[in-house]
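Below is one structure, written out as structure tokens; comments come after it.
The values are calculated or read from the model by the stated rules, or taken from the named source; none is laboratory data. Quantities reported herein were computed from a predicted structural model and do not represent experimental measurements. Heads up, the Cβs are rebuilt from the backbone with ideal geometry, glycines too, and the neighbour counts pull from every protein chain shown. Quick note on the areas: whole protein, heavy atoms, side chains included, nothing else; ligands and nucleic acids left out. Shrake-Rupley method; radii C 1.70, N 1.55, O 1.52, S 1.80 Å.
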Amino acid sequence: MSVRGYLIYMKAIIMAGGFGTRLRPLTMNLPKPMVPMMNRPMMEHIVRLLTKHGLTDITSLLYFHPDSIVSHFGDGSAFGCKMSYVRAEADFGTAGSVRNATEQLGINEPVLIISGDVLTDFDLTKAIEFHKEKASLATVVLTHSKNPLQFGIVMTDQEQYITRFFEKPSWGEVFSDTINTGIYILEPDAYSQIPYKREFDFSKDLFPALLKTPRALAGHIAEGYWRDVGNLSEYQEAHVDALMGLVHIDINGDRKKAVIIEENATVEGAIFRGQNAVAHGTKIEEGATVTNSIIGSDCHIETGAIVENSILWSGTRIGRGASMSRAVTCYNVVVGDRSTIDENVFIGEGSQVADGAHILPNVKLWPGKRVEAGATLHTSLVWEDRWNRELFMNSRISGLSNIELIPELAAKVGAALGAQVGAGKRIVMSRDSDPGSRVISRALGSGLMSAGVTVVDMQQTPIPLTRHHLRDARQSGGVHVRKNPMDRRRSDMIFFDSGGYDLPSNKGKSIERYFFGEDFPRAKFDEVGTIEFPAHTGEIYTKRFLNALDVELITKSKFKIAIDYANGIASTIFPNILGFLGTEVVSINAYLEPSRLTRGREEFDRSTRHLANVVKSLGYQIGFILDAGGERVGLVDENGNIYINNDLLTMMTKLFLDSEIKRGRTVKKIGVPISARSEIEDLARYYNVELVYTKGTHADMMAAATQEDIAFVGGTLGGAIFPDYFFAVDGMFTVAKTLEMLAVLGKNLGEVASDMPRNVQVRRDVHCPTEELGRVMRQAMDHSRDMRKILIDGIKFYPRNGSDAWVLIIPEKDRPYCTVLADARDAKEANALADEYAAKVEEWRKAGG
């Protein structure tokens, strides 16, 4: 069959059920596909693209505000197509809703599936030709993206068949900049594998199933423009691209020097600068100035008004002498005379800004609101531009103390968390001793209680105790607020799931949807949440702690130790526990001092050197340095040698394995981050233990700790997990467990270290703007195609034949750098590899596509 015949045979399905939560207030009263883009609904551009490529039999899948879509497109005849509709009975997922439609309409032909809320000019005919040539059951249309984090990463072989998917990846999983655009071509044999009336997703369910069959799933890299209009910033940027001609879409009107004008628009005497578009029925009076803006139909811009870089939907009126810059108004908005609208202001449908009012930057006005004459509308949402895409970094929200992380934000996050867990649930809260943490904690609690949630306030408590308290099945989650341990300017909110685990990303995304939507459900006046202060948590923790140790053995050893508490909360509970272990202790910084909770690199180095001097001068056996949260630890042996990061991981791994063997126990598996030095592999081989690699985050370490037969999980940043005791890092328990292991062996730490294997690992940080990271990782994948490699967190490969030396290339999560780690038996080889691949990253960054 020819491609033309194939096109006639093929059906198109538009996914048009989106809520558009992150586009609010634009989407309060209409579905996302109907949001105007260059004065046409976004979905209309998709319909025109489909018909341009011969796809005229179209089905739209509807859910949110379906009537507005049906009333606009009707039977499709006005747009050169036949349009039918399927309204969702329930949420069957992306693939499930397509199968539901094919069953209802009796479709048994190939289908092209596309979203109704993207902006694209892809050549769909080429995509269909590719699909026919590859004879695959399904083809995914791909493109290259400067920021692939928000999309599904797709890897293909040299014949363009898909080999692997990474849905909504972390930066460590960005092995390419090739992303899934959500445009699919499916044969009936593909969509018939989707269960009917069951929740089923393309990327999570159908495509992994198809990957099991060779050549069943192809990936076509399309040329042209594609943008997922996912948030307000993307919405504005898409219009800029359209004005600049970067995307080929239909724009009605006659093109003049600086403006495209539709019929029946009156603009005589108006001043136009840059590129603009004006829809029919609009009047722009003499003396008004319009710059790089899109003006909808039936608008009225009066004399002296200034509209710059803005988008006005139909029916908007801008009064005399008013000004607006980089703003968006929805339908039928009135901006009064001499009013000022600053950048990133979004005004909902039917709202009115009276004469002389001033709306400051980053304000969103919900539909139907009124700003009184002469009023200045301001808000504390100055942080929203900072977090306009995502709140969470892993399971944390971090920001500049009292600048980005402020009480208003905390209250809003609390309300969003409350909406996510539901009224009547219980959230545990704790904090460190910093006054700023107290402020944020109280604001967060207020937001939670406004949603009808009970706050269980543990006040100043170490993180491990908070996690232990969350083991109580009554708790739905928790939050710990602290001063960032590495940067005194920043604070963190750390979120826990029920049971004490780190908050999973899907729940973080759910909280973000409530946060950005700003329509939190509030409890009734008589159902507002309460606050509780739990009792005996320290006693319960201490009992569990001691029950997991051989207290008698430790006591008999009569250890003499030094501990630096880093002025953290562990100093309030750990001395009591050490008393049960019969240790002689010299305590350093064993009092709460909020101003000293953060230790930079230099201060930490000074503290560890001081601890080493104390241990050595007193003739003590061992020294420990805890972080302020009581989670991570560093060691000093009797000779004053310091063990932190990778050195500590190797020491703890060897100490654990030696002591378990001495006890006659069998260790089957241990877990370490993929970035751990190669000496861990040597230890695993020597002790005949299976090594399980993880990502470097605490959440991934915890996930490893719950796997069957894993007896120990160590991190490269001072954290260790002993699953027989607990599934999370606990620095206080690590101290006690270290004493127990030394007691079992009857050795000091220096003796254990005497035959410890050592590799050399060096690091290079290569500046790499975020928009270029995906391309660099794709080039690295191509470079290492025929090498042995491991894809867990970044790309780890072995470039030298016959050598265990390796290179790990991993994008930084929160700064524009790409890290190159090189690991080898000696410093010369490690440095040579690091320099070689740092240069290659720079070369790949500059090379372009």
Exercise. Modelled label-to-label distance, Thr213 and Ser192, 7 Å Cα→beta-carbon offset: nm?
Worked result: 0.9 nm
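Taking the Cα centre of the chain as origin, sum charge times position over the Cβ atoms of Lys and Arg (+1) and Asp and Glu (-1), and report the length of that vector in debye to the nearest 20. Walk me through the numbers before you get to the answer.
Values: 97 positive and 107 negative charges, 225 e Å.
So the magnitude is around 1080 debye.
From the helices alone, meaning DSSP H stretches of at least four residues, give me the mean residue ellipticity at 222 nm for the chain, per-run term -39500 (n - 2.57), in deg cm²/dmol to the nearest 500.
Details: 23 runs with 254 residues, N = 849.
Value at 222 nm, helices only, nearest 500: -9000 deg cm²/dmol.
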Problem set entry | Within the chain, percent of DSSP bridges classed antiparallel, to nearest 5 | 40 percent
Exercise. What is the distance in Å between the Cα centres of the range 292-361 and the range 732-792?
Worked result: 55 Å
For this session: Please express the Cα-Cα pair-distance distribution P(r) of the range 529-621 as a list of whole percents, one per 5 Å bin, running from 0 to the bin with the greatest distance.
Result: 2, 11, 17, 18, 19, 14, 10, 4, 2, 1, 0
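Using the alpha carbon gyration tensor of the range 754-802, what are the three equivalent-ellipsoid semi-axes (square root of 5 times each eigenvalue), largest first, in whole Å? Before the final figure, lay out each step's value.
Values: eigenvalues 132, 56, 16 Å².
They are 26, 17, 9 Å, listed largest first.
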For this session: Just grab the label-to-label distance for Tyr591 and Lys126, each label 7 Å out from Cα along the Cβ direction, in nm (one decimal).
Result: 7.2 nm
Seminar exercise, completed: Quarter of the surface of the C-alpha convex hull for the range 205-360, i.e. direction-averaged projected area in nm², equals 11.5 nm²
Seminar exercise, completed: Spelling it out for Val586: with amide H atoms placed in the peptide plane at 1.01 Å from N, the residues 5 or more places away or on another chain with amide H under 5 Å from its amide H are Ile561, Ala562, Ile563
Exercise. Under the definition of Cα pairs under 8 Å and six or more residues apart, what whole-number percent is the relative contact order of the chain?
Worked result: 8 percent
Problem set entry | Paramagnetic reach from Phe19 in the range 510-533 [backbone N under 19 Å; point 7 Å along Cα→Cβ] | 510-523
Problem set entry | Neighbourhood charge, 14 Å Cβ-Cβ cut-off, centred on Asp826 and excluding it, Lys, Arg +1 and Asp, Glu -1 | +1
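So with the 1.4 Å probe, I'd like the accessible area per residue for the range 531-589, rounded to whole Å².
On the way: 2780 Å² over 59 residues.
For the range 531-589, the per-residue accessible area is 47 Å².
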Problem set entry | Computed label-point distance, nm, for sites Glu539 and His358 using a 7 Å Cα→Cβ extension | 6.0 nm
Problem set entry | Calculated FRET efficiency for the pair Glu603/Leu546, C-beta based, R₀ 41 Å, to 0.05 | 0.80
Seminar exercise, completed: Regression test value, accessible area per residue of the range 279-424, probe 1.4 Å, units Å², expected 36 Å²
For this session: Over the range 110-227, with every protein chain in place, what whole percent of the accessible area is carbon and sulfur at 1.4 Å, could you tell me?
Result: 44 percent
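Suppose the chain between Arg255 and Ser77 were pulled fully straight at 0.36 nm per residue; how much longer would it get relative to their current alpha carbon spacing?
61.3 nm is the gain from fully extending Arg255 to Ser77.
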Seminar exercise, completed: Among the range 321-341, those whose backbone N falls under 19 Å of a label point 7 Å along Cα→Cβ from Glu372 are 335-340
Seminar exercise, completed: Carbon/sulfur accessible area of the range 287-349, % of total, 1.4 Å probe, equals 40 percent
Exercise. Nearest 0.05, what FRET efficiency do Asp201 and Glu708 give at R0 = 25 Å with Cβ-Cβ as r?
Worked result: 0.35
For this session: Return the carbon/sulfur percentage of the accessible area of the range 558-647, one whole number, probe 1.4 Å, all protein chains in place.
Result: 48 percent
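Take the cross-link list Lys654/Lys789; Lys558/Lys747; Lys668/Lys737; Lys796/Lys840 and give me the ones stretching past 22 Å between alpha-carbons.
Working: Lys654/Lys789 26 Å; Lys558/Lys747 13 Å; Lys668/Lys737 20 Å; Lys796/Lys840 15 Å.
Checking Cα-Cα distances, Lys654/Lys789 exceed 22 Å.
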For this session: Let me know the charge dipole size of the range 448-600 about its Cα centre in debye, to the nearest 20, where only the beta-carbon of Lys, Arg (+1) and Asp, Glu (-1) is charged.
Result: 420 debye
Exercise. So what is the relative contact order of the range 132-245, in percent, for Cα pairs below 8 Å that sit 6 or more residues apart?
Worked result: 35 percent
Exercise. Can you list the lysines whose alpha carbon sits under 22 Å from that of Lys507, skipping same-chain ones fewer than 8 residues off?
Worked result: Lys168, Lys204, Lys412, Lys425, Lys695, Lys813
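Determine the percent antiparallel among the DSSP beta bridges restricted to the range 1-122, to the nearest 5. Please list the in-between numbers first.
Numbers: 2 of 18 bridges.
Roughly 10 percent of the beta bridges in the range 1-122 run antiparallel, per DSSP.
Might you tell me the accessible area per residue for the range 713-849, computed with a 1.4 Å probe and given in Å²?
Values: 5180 Å² over 137 residues.
Ligands and nucleic acids excluded, the result is 38 Å² per residue.
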Exercise. Taking Lys556 as the anchor, which aspartates and glutamates have their alpha carbon closer than 17 Å to its alpha carbon, excluding any fewer than eight residues away along the same chain?
Worked result: Glu584, Glu740
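Work out the FRET efficiency for Leu246 and Lys828 from their Cβ-Cβ distance, taking R0 = 45 Å, and round it to the nearest 0.05.
Numbers: r = 49 Å, r/R0 = 1.09.
E between Leu246 and Lys828, to the nearest 0.05, is 0.40.
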